[in-house]
Amino acid sequence: MTDRRFAAPSAALSAIRAALDPGTVQGAPTPIVDRPVVLDGELCAATEGLCTGEHRTLYADVPLSAIVGLFHNRFAPEATTWRELLAGLHGEGWGQETLAYFGSEIGDAHFPAPSAAYPLILRAYGGAVVCVKGMHRLVAGVCWLAARHGASAQFRKVELQYCGIKTAAVAAMVDDSWLTAQLEAPRYVDAPR
């Protein structure tokens, strides 16, 4: 059996990497692929405590800009961005139908790869979206769609599990404008503990 880490990348994975390469004709600046990606476990403390109890499942158009994380990154444990995560993929059995899948209305369609199980499933905590099923294809899809469509890119009609959040609590935590300037240029010495 061939070690996947040393196998040649599939045609689809090669096309995605070429689309991101600024040294190629098709390579375009795609800042979204260099954004930080968090793990769902890092979000749990905040998301679980802020959920309202409202849960719904729908098929939605999800902008790449809303996707902030994955359930795991075992295929690239040191990676912190979509581009770095892409480097950890093998793409075994991914052909041109893989690229077509990313641009299609995904719905409950299975990913066209030999070892893929389940459709792509995302979860939204308010407007912050993480991947529940399909980590590898999500990473590849984010990179491919960002390279092709830039900041307006989105997954179309993907399964989305929505969890409502307490927006007033989130807004209160995010507004730290009163403190930011003081932290950057403190007038007083931090209190000893």
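Bear in mind these aren't lab numbers, they're just calculated from the coordinates by the rules spelled out. The structure displayed is predicted, hence computed values, not measured ones. Neighbour counts are summed over all protein chains in view; Cβ atoms, including those assigned to glycine, are modelled from backbone coordinates with ideal geometry.
Quick notes on this one:
- Estimated purely from DSSP H runs of n ≥ 4, each contributing -39500 (n - 2.57), the mean residue ellipticity at 222 nm for the chain is -10000 deg cm²/dmol once divided by its residues.
- Against the main long axis of the alpha-carbon atoms of the chain, helix 135-149 sits at an angle near 90°.
- Among A169, A100, A87, the largest mean-square fluctuation in a Gaussian network model of the chain, built with springs joining Cα atoms closer than 10 Å, belongs to A169.
- For H90, the amide hydrogen comes within under 5 Å of no other amide hydrogen, counting only partners 5 or more places away or on other chains and with H modelled in the peptide plane.
- Mean separation of Cα contacts under 8 Å, 6 or more apart, over the residue count of the range 108-162: relative contact order %: 36 percent
- Sequence of C44, C163 once ranked by neighbouring C-beta atoms within 10 Å, starting from the fewest: C44, C163
- Within the range 29-93, trypsin sites (Lys or Arg not before Pro) in DSSP loop having at most 16 other beta-carbon neighbours inside 10 Å: R74
- When the chain is treated as a Gaussian network with alpha carbon springs shorter than 10 Å, the biggest mean-square fluctuation among G49, G107, G95 belongs to G49.
- Counting only alpha carbon atoms, the long axis of helix 40-50 and the longest principal axis of the chain meet at about 50°.
- Near the amide H of V132, within less than 5 Å, lie the amide hydrogens of I121, L122, R123, all on another chain or at least 5 residues away, with H placed in the peptide plane.
- Separation between Cα centres of the range 122-177 and the range 83-121, rounded to whole Å: 18 Å
- For Q154, distant residues with modelled amide H under 5 Å away: L64
- Computed 3J(HN,Hα) for the range 64-73, one whole-Hz value per residue from the Karplus formula 6.51 cos²θ - 1.76 cosθ + 1.60 where θ = phi - 60°, is 4, 5, 8, 7, 10, x, 10, 6, 8, 9, glycine and proline marked x.
- Prolate/oblate/rounded call for the range 38-146, Cα gyration tensor, a/c under 1.5 rounded: oblate
- Contact order, relative form, for the chain: 30 percent (alpha carbon pairs under 8 Å, 6 or more residues apart, mean separation divided by residue count).
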